[in-house]
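These notes are about the structure you will find just below.
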Amino acid sequence: MLGRLSELSISTSDILDSWNFYTRLGFTTTSSADIWPYRYSVVTDGRLSLGLHENNLSGVVLTYVLPDINQHFLSFKKQGIVFELEQLGDQRFNELLFRSPDGTCIRLIEAPTYSQLTPDAISLLGWFEQPLMASHNLKAATRFWENLQFVSMPEEHLPVSHIPLINDAISLGLHTARGWANETLWFRVHDISDVRGKLRSRDIAVNNPLPPGLDPAHHVMLRAPEGTQLLLSSMSE
């Protein structure tokens, strides 16, 4: 229904600062198109693509490519989706924007905005698991994502009790725990001690506070310059 996941879009007030941070982690830059009316870059580890947007959208935005977006517009409307942005027309780059009940932003665009080649990059962040997203109403939020063809799975308890929602592109984790950011990008690594040392050697701060209940022996929280929370967990946890 949503199309193909293109990137997790992140808003930043200083794109160079954010770009430097992610490339120090081992992400590489892809070739991006001159589509947006602001500075834009995409970094990838070969599996996860992060779009850095020098704009004022808040949080992590799930950006999908949906060909023939005009033809799908009315079907979304019939489902009761209220669009925050409706930019459709023959002489413009078509884009739709709406939000989940908890405020997570979903963007639909008509065509890719960067090269889809996946370089053989090695990131210190390890294996990307999912965005962990705070919810104030799990029932309503789960129903919203299920209507978008996500499948809810039994509750999981690491690194926080959450409801996994999966489709063929990405898994999302909804939770109601306190002390977490609205969105936290969760990764797993084989050797957390080794990664912690490599992060320090690249002058990346590893002493950021962890959410309640997480053991610092098995978890590291990073904070990107634009504010994105990145949780690294040991695979042995």
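Each reported figure results from applying straightforward, stated rules to the coordinates on display, with no laboratory input. Note that this is a predicted model, so its numbers are computed, not measured. For neighbour counting, all protein chains shown are included, and Cβ atoms are generated from backbone atoms with ideal geometry for every residue, glycine included.
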Residue among S201, S100, S32 with the largest mean-square fluctuation in a Gaussian network model of the chain, springs linking Cα atoms under 10 Å: S201
Loop-resident sites, the stretch 128-220, for GluC sites (Glu not before Pro), counting at most 13 other Cβ within 10 Å (DSSP): E155
Dipole of the chain [Lys/Arg +1, Asp/Glu -1 at C-beta], most positive-end residue of T228, Q116, Q71: T228
Dipole moment magnitude, nearest 20 debye, the chain about Cα centre, only Lys, Arg, Asp, Glu C-beta charged: 280
Degrees separating the helix 15-24 axis from the principal Cα axis of the chain, which is the longest one: 50
The stretch 101-150 versus the stretch 155-184: alpha-carbon centroid distance in Å: 11
The stretch 156-237, dipole about Cα centre (Lys/Arg Cβ +1, Asp/Glu Cβ -1), debye to the nearest 20: 260
GNM flexibility winner over the chain from Y38, Y22, Y64 (Cα, springs under 10 Å): Y38
Among V65, V42, V82: highest mean-square fluctuation, GNM of the chain, C-alpha pairs under 10 Å: V82
Degrees, to the nearest 10: 138-147 long Cα axis against longest axis of the chain: 50
Tensor-based shape of the chain (alpha-carbon gyration tensor, a/c under 1.5 rounded, otherwise prolate or oblate): oblate
Cα-based shape type of the stretch 133-177, given that a ≥ b ≥ c are square roots of the gyration tensor eigenvalues and the cut on a/c is 1.5: oblate
Counting DSSP beta bridges with both ends in the chain, the antiparallel % (nearest 5): 70
Helix 69-78 axis, angle to the chain major axis (alpha carbon atoms, nearest 10°): 90
Student exercise, the stretch 4-109 dipole from Lys, Arg, Asp, Glu Cβ charges, in Debye to nearest 20: 260
Positive-end residue of L185, G126, H175, charge dipole of the chain with Cβ unit charges: H175
Dipole of the chain [Lys/Arg +1, Asp/Glu -1 at C-beta], most positive-end residue of L62, I35, P154: P154
Ranking of V220, V151 by count of other Cβ atoms within 10 Å, fewest first: V151, V220
